[in-house]
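To start, the structure under review is shown below, and the notes come after it.
The values are calculated or read from the model by the stated rules, or taken from the named source; none is laboratory data. Quick caveat, the model's predicted, so the values are computed rather than measured. Here Cβ is always computed from backbone atoms with ideal geometry, including for glycine, and neighbour counts include all displayed protein chains.
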Amino acid sequence: MSPPSLIGNSCPSGRPHRYRLRRRGLDLGVVEAIARETAWERSEPVLLRGIVRWAGAAGSSAAHARAGLERALAVFDGLRSGGELADLCPLPRGFRVAGVSVCTEDVLELAKLHVLSARAPRELYVKANWLSTHPRDGSLRLRFSYGAEVLDDWLDDPASARAALAFAEAVCPAGRLVTHGRGVVAALRRRLGARPRFLQPILYSNAPNGGALFHHDFVPGQAGVVFAQLAGSTGWLAVPKRVLAGHIQAHTRSWRDLDRLLAAMDGAEEEDEAKANRSARARASRLARLLNEDRVFTRRLADDGWFFALRPGDALLLPSQAEHDVAWHSVFTLGDGANLGLSLGVAACR
């Protein structure tokens, strides 16, 4: 595996680039990244080129950025090699391990590390899991949160949210370039009308042949998600749900009832491969296959300007104002080098 590309790499030229999209054994063809004007207010993804950068990217600052990236990548490499999550994750000062658990019913889960801190009223955790069951997909993620996962009760505890973010930044110090960097914070503040609050940090290390199926991140009380590419590259099909529904109608010449289609899309959307196997794929969902496996439909979305290629230092804003006013997205790994990205839920500070 080649070494990571650091934050601050030069942006691509103005010429369209062509990318071959492969994921989990499927070749979805070659697409171009066509520039398109988008707006957060229309629930459209917003690409921010080179907005994540290390101030004065030279000397000790650049060295610290590289060390932070390599520390996080080492955690993922250790997990792929069979290492223990508790041995690999660095803890911030004042944090201590409370235990380790594994959900044996979840075939994707590697381990869940439970952590206590005086900064957080509730127990924190980091959960490591594969992104799919495909034998050639080594993509992994680390999700940092708190509370009872089964209750999904993570939204209304600012102190624990800050502690979970500090935990994530101990594993990947380069993440502070997103949460404390003026670029991303200012871009979100303009769109939210208030300073952003960052929630549910997730570190992704997408592997060749990996990525994510079409899904959305709408959660009541959350305005959207920001994804920052820290090393390597990813390709995104990111489309407002209503626009995506229009493409489905035009491509299939069916689904005349828009409300019915929007509801059916929620049934086809799956967070991960295991759920897709149990639901959409188990039911032989034509809609799920169209969204995730159809070369012609993939090309259709890209030709309409909904394909985005992220390089180190780029960020993608994904608004989610309401159930049907949300940016759906599908992710592909581009290239075969080390790959690292940070996803953060976003809400306006009250």
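Being touching a helix residue (DSSP H, G or I) at 6+ places or on another chain (Cβ under 9 Å), closer than 21 Å to A212 by Cα, modelled with pLDDT of 90 or more and not in a helix (DSSP H, G or I), is that true of even one residue in region 144-159?
Yes, region 144-159 contains a residue that is touching a helix residue (DSSP H, G or I) at 6+ places or on another chain (Cβ under 9 Å), closer than 21 Å to A212 by Cα, modelled with pLDDT of 90 or more and not in a helix (DSSP H, G or I).
Return the pair list, or none, for Cβ contacts closer than 7 Å from residues in region 104-123 that are small (G, A, S) to residues that are part of a strand (DSSP E or B) and surrounded by fewer than 17 Cβ atoms within 10 Å (Cβ to Cβ), at least 6 apart or on different chains.
Matching pairs, first to second residue: A111/V100.
Restricting to region 287-306, name every residue that is part of a helix (DSSP H, G or I) and among the charged types (D, E, K, R).
R289, E293, R295, R299, R300, D303
Read through the list (1) at pLDDT 90 or above; (2) part of a helix (DSSP H, G or I), then give the number of the only condition that S61 fails.
Just one mismatch for S61, condition (1).
Looking only at region 230-264, filter to residues that are within 30 Å of A67 (Cα to Cα) and hydroxyl-bearing (S, T, Y); which one of those is surrounded by the most Cβ atoms within 10 Å (Cβ to Cβ)?
Among them, the one singled out is T234.
Please go through region 71-114 and pick out each residue that is in a strand (DSSP E or B) and either farther than 14 Å from E169 by Cα or within 22 Å of the chain's Cα centre (by Cα) (or both).
R96, V97, A98, G99, V100, S101, E109, L110, A111, K112, L113, H114
Looking at region 168-186 only, could you name the residues that are part of a helix (DSSP H, G or I) and under 18 Å from the mean Cα position of the chain (by Cα)?
A168, E169, V171, P173, A174, G175, R176, L177, V178, T179, V184, V185
For the subset of region 320-350 comprising residues that are in contact with a Gly (Cβ under 9 Å, 6 or more places away or on another chain) and under 14 Å from L237 (Cα atoms), which member is surrounded by the most Cβ atoms within 10 Å (Cβ to Cβ)?
Result: A327.
Just checking, which of R141, R162 is under 22 Å from the mean Cα position of the chain (by Cα), farther than 30 Å from R23 by Cα and of a type outside the set (A, V, I, L, M)?
Exactly one residue qualifies, and that residue is R162.
Of the conditions (1) at pLDDT below 90; (2) among the aliphatic types (A, V, I, L, M); (3) touching a Lys or Arg at 6+ places or on another chain (Cβ under 7 Å), L116 fails just one. Which one is it?
All conditions pass for L116, except number (1).
Quick check on R71: is it modelled with pLDDT under 95 and in contact with a helix residue (DSSP H, G or I) (Cβ under 8 Å, 6 or more places away or on another chain)?
Spelling it out, R71 is indeed modelled with pLDDT under 95 and in contact with a helix residue (DSSP H, G or I) (Cβ under 8 Å, 6 or more places away or on another chain).
If I go through region 305-321 residue by residue, how many of them are touching a helix residue (DSSP H, G or I) at 6+ places or on another chain (Cβ under 8 Å) and closer than 16 Å to A231 by Cα?
Number of matching residues: 1.
Can you find a residue in region 206-215 that is under 15 Å from W40 (Cα atoms) and surrounded by 23 or more Cβ atoms within 10 Å (Cβ to Cβ)?
no
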